[in-house]
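K.L.:
Below you will find the structure I want to go over with you.
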Amino acid sequence: MSFGVVAIWVVALGALAMCLRRSPAVGRRAVADAGGALWRVLPVMLMALPMAAFIAELIPAGWAEQWLGPDSGFVGVVLASLAGGMLPGGPFVTFPLVLGFLKAGAGPSQMVALISGWAILGMHRTLAWELPILGGRFILLRLMASFALPLLAGMAAELLLPLFPGAALR
């Protein structure tokens, strides 16, 4: 188990202990809510993880390495940022897909840019939610103000990569 997983378990169990300390009824409600959320998310996880693995196997040999590999440099960071912004779906699709790209030869800096583009630009979310609620002028302002962020994240990752040997390996 990774440190992150252990940390999440520690926080979750600590929060449960605090709920139980407040009252057993609060603890039971919290466990029931968590179980309900898990029940809703589990079918998505059970399909998204294998789907990402299958897609990773379908990536043409050398394609990820050529366009998004460690040697693709700034062009790869730009492509990954744009691809991330266009990538539909939630984390259960995106993160396994990024893992598949890494296994297919994509560079870690490029995948930082892809995840950042997905999180910051997110055209699926922008078109479905932001545009109807906030309007086109605000969306244009937000996209113009944040467009460079995935690029900067990818380039910063490239500079920080020597501090994290083996970051591309899983």
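K.L.:
Within the stretch 1-24, does at least one residue satisfy the condition of being among the aromatic types (Phe, Trp, Tyr), surrounded by fewer than 10 Cβ atoms within 10 Å (Cβ to Cβ) and part of a helix (DSSP H, G or I)? Talk me through it step by step, then tell me what you get.
P.N.:
Restricting attention to the stretch 1-24, the residues satisfying the condition of being among the aromatic types (Phe, Trp, Tyr) are 3, 9.
Within this subset, residues satisfying the condition of being surrounded by fewer than 10 Cβ atoms within 10 Å (Cβ to Cβ) are 3.
So of that shortlist, the ones also part of a helix (DSSP H, G or I) come out as 3.
Yes; the residues of the stretch 1-24 include at least one that is among the aromatic types (Phe, Trp, Tyr), surrounded by fewer than 10 Cβ atoms within 10 Å (Cβ to Cβ) and part of a helix (DSSP H, G or I).
K.L.:
With respect to Ala32, is the statement that it is open to solvent by 50 Å² or more (accessible area, probe 1.4 Å), assigned to a helix (DSSP H, G or I) and at pLDDT 90 or above true? Break it down into steps so the answer makes sense when it comes.
P.N.:
On the way: open to solvent by 50 Å² or more (accessible area, probe 1.4 Å): yes; assigned to a helix (DSSP H, G or I): yes; at pLDDT 90 or above: yes.
Spelling it out, Ala32 is indeed open to solvent by 50 Å² or more (accessible area, probe 1.4 Å), assigned to a helix (DSSP H, G or I) and at pLDDT 90 or above.
K.L.:
List pairs: first residue in the stretch 29-42 and of a type in the set (A, V, I, L, M, F, W, C), second residue modelled with pLDDT of 90 or more anywhere in the structure, Cβ distance under 6 angstrom, at least six positions apart or on different chains.
P.N.:
Sorted first by the residue in the stretch 29-42, then by its partner, the pairs are Ala30/Cys19.
K.L.:
For residues that are within 21 Å of Ala119 (Cα to Cα) and of a type in the set (Gly, Ala, Ser), scanning just the stretch 35-52, find the one that is modelled with the lowest pLDDT.
P.N.:
Across the stretch 35-52, the extreme among qualifying residues is Ala52.
K.L.:
How about the stretch 65-170: which helices (runs of 4 or more DSSP H) wholly inside it have at least 3 residues that are of a type outside the set (Lys, Arg) and surrounded by 20 or more Cβ atoms within 10 Å (Cβ to Cβ)? Quick ask: steps written out before the conclusion?
P.N.:
Values: elements: 73-86, 91-103, 108-120, 131-134, 136-146, 148-160.
Hits in the stretch 65-170: 73-86, 91-103, 108-120, 148-160.
K.L.:
Name the residue, out of Ala56, Ala52, Ala48, Ala83, that is closer than 27 Å to Gly105 by Cβ, out of contact with any Pro (no Cβ under 7 Å at 6 or more places or on another chain) and touching a residue at least 40 places away in the same chain (Cβ under 8 Å). Talk me through it step by step, then tell me what you get.
P.N.:
Details: Ala52 fails: out of contact with any Pro (no Cβ under 7 Å at 6 or more places or on another chain); Ala48 fails: out of contact with any Pro (no Cβ under 7 Å at 6 or more places or on another chain); Ala83 fails: touching a residue at least 40 places away in the same chain (Cβ under 8 Å).
Of the residues listed, the single one that is closer than 27 Å to Gly105 by Cβ, out of contact with any Pro (no Cβ under 7 Å at 6 or more places or on another chain) and touching a residue at least 40 places away in the same chain (Cβ under 8 Å) is Ala56.
The values are calculated or read from the model by the stated rules, or taken from the named source; none is laboratory data. Please read all numbers here as calculations on a predicted model, not as lab measurements. Methodologically, a virtual Cβ is constructed for each residue, glycine included, from the backbone with ideal geometry; neighbour enumeration extends over all protein chains shown. Just the protein is used for accessible areas: all its heavy atoms, side chains included, with ligands, DNA and RNA removed. Shrake-Rupley method; radii C 1.70, N 1.55, O 1.52, S 1.80 Å.
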